[in-house]
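Data block below; observations after.
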Amino acid sequence: NFADGRLVALVHANTLGVIAATIFGASYQLLPVVLQEPLASVRLGRLSWWLYGPGLLAMLAGLARGWPVLVAAGGSLLLGAVALYVTVVARTLASARHRDAVFWHLVGAVVGLAAGATLGAILAVSKATGLLGERTFAVLGAHAVLMLGAWVTPMLTGVAYRLVGMFTLSEDAFRPAWAWVELALTVG
């Protein structure tokens, strides 16, 4: 059953414990390189990680054991970590002087993360209250699409456009028009 706490814990151990944690940590290191701007707040970035780790562990344990209080506590810490991450990245983006296709990939990714995390919180509340009713599957689908398609994909491709060229010494091979088309297709 898709609502089985152990299955939900396994899915989130992989998505939040591996994919999201990697993107959080890597983007804090790579955004200053990609944007040629310092991170808006290293202190808030570190604080987001200190909320993220315990929040993830608490939420996973609560899901696996069926302890709603632990799910709520962990989820709240995770949501706080995501809010700090979005704040740091958005403030860093706001200070960027060069606003090319890579920049807009990152903007789209931050918006996708904020929307996807919000839907995740709504799903968690709905699991306890039945708030969504018959709309649960539609919201679950939107949550998955936003997290993978609107956050992970534009974040990875946006950063890759800049870094692959830097690491392979082929920055002149970057085709901005193709990056814009890819972004439009991804967002679409």
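The values are calculated or read from the model by the stated rules, or taken from the named source; none is laboratory data. Being a predicted model, the structure only gives us computed values, none of them experimental. Every residue, glycine among them, receives a Cβ derived from its backbone with ideal geometry; neighbour counts consider all protein chains shown. Ligands, DNA and RNA are stripped out before the accessible areas are found, and what is left, the full protein with its side chains, is counted by its heavy atoms. Shrake-Rupley method; radii C 1.70, N 1.55, O 1.52, S 1.80 Å.
Points to keep in mind about this one:
- The residue pairs whose first member lies in the stretch 151-178 and is farther than 25 Å from V86 by Cα, whose second member is open to solvent by 70 Å² or more (accessible area, probe 1.4 Å), and whose beta carbons are closer than 8 Å, counting only pairs six or more residues apart or on different chains, are G165/E171; G165/D172; S170/V164.
- If the condition is being assigned to a helix (DSSP H, G or I) and either at pLDDT 85 or above or hydroxyl-bearing (S, T, Y) (or both), then the stretch 160-171 contributes A160, Y161, R162, L163, V164, T168.
- Count of the stretch 129-143 residues, restricted to those that are part of a helix (DSSP H, G or I) and either in contact (Cβ under 8 Å) with a residue 40 or more places away in the chain or open to solvent by 50 Å² or more (accessible area, probe 1.4 Å) (or both), is 6.
- Scan of the stretch 142-180 for residues that are of a type in the set (A, V, I, L, M, F, W, C) and touching a Lys or Arg at 6+ places or on another chain (Cβ under 9 Å), ordered by number: F174
- Qualifying residue in the stretch 49-72 (condition: of a type outside the set (D, E, K, R) and under 21 Å from L156 (Cα atoms)): yes
- Which numbered condition R46 misses (of (1) modelled with pLDDT of 95 or more; (2) open to solvent by less than 60 Å² (accessible area, probe 1.4 Å)): (2)
- Residue within the stretch 109-123 that is over 30 Å from W180 (Cα atoms), open to solvent by less than 50 Å² (accessible area, probe 1.4 Å) and part of a helix (DSSP H, G or I) present: yes
- Per-region count, the stretch 33-43, residues modelled with pLDDT under 95 and either among the small types (G, A, S) or open to solvent by 30 Å² or more (accessible area, probe 1.4 Å) (or both): 2
- Top-ranked residue in the stretch 1-32 [being over 12 Å from L56 (Cα atoms) and among the hydroxyl-bearing types (S, T, Y); ranked as farthest from the chain's Cα centre (by Cα)]: Y28
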